[in-house]
Amino acid sequence: MDFNLSEERRMLRDMLQRLLSERYSHDARRKLLASGAAYDTEILSELADLGILGAMFSEADNGFGGTGFDIAVVFEELGRSGVIEPVLAVAVLGGALIAQLGTDTQRHLIDQIISGQTVIALAHSEPGARYDIGDVSSLAVAEGDDIVINGAKTHVINGAQADHLIVSARMDTEIVLFLVSKDTRGLSIVNHANVDGTSGARLQMTDLRVSKAQQLGGHGTAITALNATMARAILAVSAEALGAMEAAKDLTVTYLKERRQFGMPIGKFQVLQHRMADVLIEIEQARSAVINLAGHLDAEPKLRDLHVSATKNLIGRVGALVAEEAIQLHGGIGMTDEYALSHFARRLTMIDHMFGDVDYHIERFIQLSSA
Amino acid sequence: MDLGYTTEQDAFRTMVRAFLSEKLPASIAEKTRLGKRLSKADMETWHSILNEKGWLAPNWPKAYGGAEWDVVQRQIFEEEACFAHAPRVVPFGLTMLAPVLMKYGTEAQRQKFLPRILTGEDWWCQGYSEPGAGSDLAALKTRAVLDGDHYVVNGQKTWTTLGQHANWIFCLVRTNTEVKKQEGISFLLIDMKTPGVVVRPITLIDGDAEVNEVFFDNVRVPVENLVGEQDKGWTYAKYLLTHERTNIAGVGFSDAALRTLKHVAANTIAGGKPLSRNPHFAARVAQAEIDLMAMRTTNLRVVSAAAKGQAPGAESSMLKIKGTLLRQELTALLRRAAGPDAMPYLPDYLEGGDNADSMGPEHAPAAAPGYFNMRKLSIFGGSNEIQRTIISKAILDL
Ligand SMILES: Cc1cc2nc3c(=O)[nH]c(=O)nc-3n(C[C@H](O)[C@H](O)[C@H](O)COP(=O)(O)OP(=O)(O)OC[C@H]3O[C@@H](n4cnc5c(N)ncnc54)[C@H](O)[C@@H]3O)c2cc1C
């Protein structure tokens, strides 16, 4: 056993920390959000230049990482700085699917992803499907050499900023994936901001016509690949949540020392000290849960998914605790948009609404562990 | 022991219900039901409907145009109003300032201000907190110095709820720096149109700006706007806080939130069945309901003890803590019920734009903002930590 990061990952983390501390201030981020932009394209390309996107892919896929611990190290730092650039959509969701399923031609996109030249999004969730990844009712029907798709997608992360989209649809009862470019006829995409500052989109497919060559993976491969991709995405957002928890904790501890009421720093009140101690304990638990999942990302699916659900459930519980306690211990200031804490609190809370919340994953954990 | 209401109380409830169903504008009830933001006009409309009926000021004596209801009647009204999705009545003039003026104000102040609170001519806000004075309110620094027949006020208030709509602010100001901090505070009424008053909105975590900073730069306030005696403001401030804490349990709000939550859970399909049949979710909702059933009785026990002349003292701290935690839990559950549809931030929908799309179930867009907004409940009105200290000192004698 060794709980230390490897030399390469430590370097990766340090470089990323340096870039973000120089370039990613809370004020700049707020200005960006106020401008209505989904993210800063320059930052995305700087992240790419640093190799952050490449670190999400294995060497076989022209990257230089791709393991659970690469994802965990990178996303913890992204979470600590509140990064809204589309690393998740591009390099984890979209990228992982292409890496698993793509033909040689389709895999050319990976190089463009790694270099930050292409944004890709996964359009899978449908209205009313909640967290059920098997709940797809968009329809794909073969018409000669073409396939025609009709249906609606929702909560497409960075869908309106993407150059290419991976859309799922049901074809002869199987779920099938297609790689389409954003300006294909029959595709309409509507952007919206999310509560946490990230961007989502709704997507309507009306007689969207694709060729057979655009299918991503053969029949019967999509659901397995989607499950593996969800595992990676859940690891990513869990590590991101961990970073946000650490940031929220640091802000709160600093504030407890600085804020004075009744003639002393409020951090001198024992009741607040104990609350912070509990927060610290729970964050350490969250860190262990992230490590558990990172270490089992490439395990056989059943064991992997047990860890996926265990980690996502724990992260959801601890995320709510940290967000709520950090706000409460700050008092009014913790509720202001101007102060960074409220942004971390929003992201932490919204991560519970992505890829299954605490209730969804406890139920899934019970099923997996009793089977 | 008798858990029932009297015949008169039942009749009162029936009358309230009939009034609400006839007079509460549907558009306002709909916004409240869906957690949308109310405009100033919405609030003023509802106030004037209540005032016409003589019900705007349940706690005021009839002589001043109030309804003079007892606590149980007020409780019944509160429950029915929440049940009908009536917006809450803005409390600053009606339930905070007015009792202070009635007890400590001059006759001239009562004559001038009380009627204008009822008609809506004046909108009051509460200028207590300052950047350096939150829980430790007595540490406030805003200075008022006597200059002839005026006080000259300099300083800053913050977290001023709905100050953007207000034309008057009641302020705690420091008039004496030589004495113990509680003994140098005065209670001043300030016209916000006076030169030198600047209001700046603060955007909160839910994206809305319901609170403000209020700055005072050499603001001249006539001495007749001093309430009671100079340097005695702390007494009046504390008296006001006891009124701020009536209805602190928010049972009516929790009732309405629970009803909404159950409706949403029954109509949300998760994993092939209604969310209300998901054992984990259903257990959380049931637990909240069980707590609420007990809290309704706790509340009535405390409140009816007060009705017989005993002021709810430290017991109201208990109601505040339990009541706010429950309301927060209910908003957390509603957020969770919304699933991924809680993610989009749709200000146009929240602002009441009729054509604004909700993208998902009608309750989803306000679920996360509502949850975040309700974090304030355990912070203001004396934070829950401060309330626990009160309980441990005043009840437990620790
Ligand atoms: C949405 C909102 C609306 C508001 N509206 C108004 C308004 O209209 N008018 C107005 O005057 N004020 C208003 N307030 C202010 C409110 O009353 C204060 O926020 C509150 O008094 C807490 O003060 P603070 O925010 O400075 O926190 P602080 O007092 O700095 O407290 C920070 C943390 O320390 C804890 N703490 C402080 N002292 C102790 C202690 N002795 N022991 C243990 N823990 C302690 C607190 O519980 C809290 O967790 C509003 C606040 C909010 C958030």
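The values are calculated or read from the model by the stated rules, or taken from the named source; none is laboratory data. All values derive from a computational prediction rather than experimental measurement. Virtual Cβ from ideal backbone geometry, glycine too; neighbours counted across all protein chains shown. Side chains included, ligands, DNA and RNA excluded: accessible areas come from the protein's heavy atoms. Shrake-Rupley method; radii C 1.70, N 1.55, O 1.52, S 1.80 Å.
Quick notes on this structure:
- The Stokes-Einstein estimate for the protein assembly as shown, based on a Kirkwood radius over Cα pairs and taken at 4 °C with 1.567 mPa s viscosity, is a diffusion coefficient of 46 µm²/s.
- By the combined test of axial Cα extent (at least 27 Å) and Kyte-Doolittle hydropathy (mean at least -1.0), the qualifying DSSP H helices of chain B come to B:279-307, B:315-338.
- Overall form of region A:7-118 per C-alpha gyration tensor (a/c, 1.5; a/b vs b/c): oblate
- Amide H contacts of A:T103: A:G217, each under 5 Å away and 5 or more positions distant or on a separate chain (H built 1.01 Å from N in the peptide plane; Pro and chain starts excluded).
- Surface calculation, 1.4 Å probe, protein heavy atoms: B:K232 sits at approximately 90 Å² accessible.
- Distances between placed amide hydrogens fall under 5 Å for B:Y151 paired with B:V221, B:V223, all partners being 5 or more residues away or on another chain.
- Chains B and A together, accessible area buried on both sides, 1.4 angstrom probe, square angstrom: 3800 Å²
- Region A:121-216, relative contact order [Cα under 8 Å, separation at least 6], %: 32 percent
- Chain A: most fluctuating residue of A:G134, A:G102, A:G332 per GNM, C-alpha cutoff 10 Å: A:G332
- The figure for A:E7 is an accessible area of roughly 100 square angstrom, using a 1.4 Å probe on the protein chains alone.
- Comparing A:V253, A:L293, A:Q270 along the charge dipole axis of region A:225-327, the residue lying farthest to the positive side is A:Q270, per the Cβ-charge model.
- For region A:201-211, 3J(HN,Hα) computed residue by residue from phi via the Karplus equation (6.51, -1.76, 1.60; θ = phi - 60°) reads 8, 9, 9, 10, 10, 10, 6, 6, 9, 10, 8 Hz, glycine and proline entered as x.
- Phi to ³J(HN,Hα) by Karplus 6.51 cos²θ - 1.76 cosθ + 1.60 over region B:129-137, Hz, x for Gly, Pro: 5, 9, x, x, 10, x, 4, 8, 4
- The overall shape of region B:188-313, judged from the alpha-carbon gyration tensor, is oblate: a/c is not under 1.5, and a/b is no greater than b/c.
- Long-range HN-HN contacts of A:Q261 with modeled amide H, under 5 Å: A:I266
- Placing +1 on the Cβ of every Lys and Arg and -1 on the Cβ of every Asp and Glu, with nothing else charged, gives region B:7-89 a dipole about its Cα centre of roughly 380 debye.
- Dipole magnitude of the protein assembly as shown about its Cα centre (Cβ charges: Lys, Arg +1; Asp, Glu -1), debye to nearest 20: 2100 debye
- Think of region B:7-89 as a dipole: +1 on every Lys or Arg Cβ, -1 on every Asp or Glu Cβ, centred on the Cα centre; then among B:V72, B:M43, B:S21, B:M43 lies furthest on the positive end.
- Short-range pairs are left out: with C-alpha atoms under 8 Å and at least six residues apart, the relative contact order of chain B is 14 percent.
- Residue-averaged [θ]222 nm for chain A, counting only DSSP H segments that reach four residues, each worth -39500 (n - 2.57): -16500 deg cm²/dmol
- Region B:91-96 - phi-based ³J(HN,Hα) in whole Hz, Karplus 6.51/-1.76/1.60, Gly and Pro as x: x, 4, x, 5, 10, 9
- Net charge, A:I283 excluded, C-beta distance under 11 Å - Lys, Arg +1, Asp, Glu -1: -4
- Accessible surface of B:Y104 - all protein chains present, 1.4 Å probe, nearest 10 Å²: 60 Å²
- Within the listed set A:L226, A:L293, A:L272, the residue fluctuating most in the Gaussian network model of chain A (springs between alpha-carbon atoms under 10 angstrom) is A:L272.
- With both labels modelled 7 Å from their Cα along Cα-to-Cβ, the A:D111 to B:V179 distance reads 8.3 nm.
- Cα lying deepest toward the dipole's positive end in region B:316-368, options B:S316, B:A366, B:L350, charges on Cβ: B:S316
- Taking a ≥ b ≥ c as the square roots of the eigenvalues of the Cα gyration tensor, chain A is prolate, since a/c reaches 1.5 or more and a/b is larger than b/c.
- With the cut-off at under 18 Å, measuring from each backbone N in region A:14-31 to a point 7 Å along the Cα-to-Cβ line of A:E42 picks out A:18-31.
- Look at the alpha carbon pairs under 8 Å that are at least 6 residues apart: their mean separation over the length of chain A gives a relative contact order of 16 percent.
- Candidates A:S181, A:S199, A:S125: whichever shows maximal mean-square fluctuation once chain A is modelled as a Gaussian network with Cα springs under 10 Å: A:S181
- Rounded to the nearest 500, the 222 nm mean residue ellipticity of chain B from helices alone is -14000 deg cm²/dmol, with -39,500 (n - 2.57) taken per DSSP H run of at least 4 residues.
- For region B:78-213, the alpha-carbon coordinates run over 52, 40, 29 Å along the three principal axes, in decreasing order.
- Set of lysines near B:K112 by C-alpha distance (under 19 Å), chain-local residues within fewer than 8 positions excluded: B:K62, B:K103, B:K193
- Cβ charges +1 (Lys, Arg) and -1 (Asp, Glu), total dipole of region A:222-370, debye: 260 debye
- Mean shadow area of region B:261-383, taken as a quarter of the surface of its Cα convex hull (nm²): 9.2 nm²
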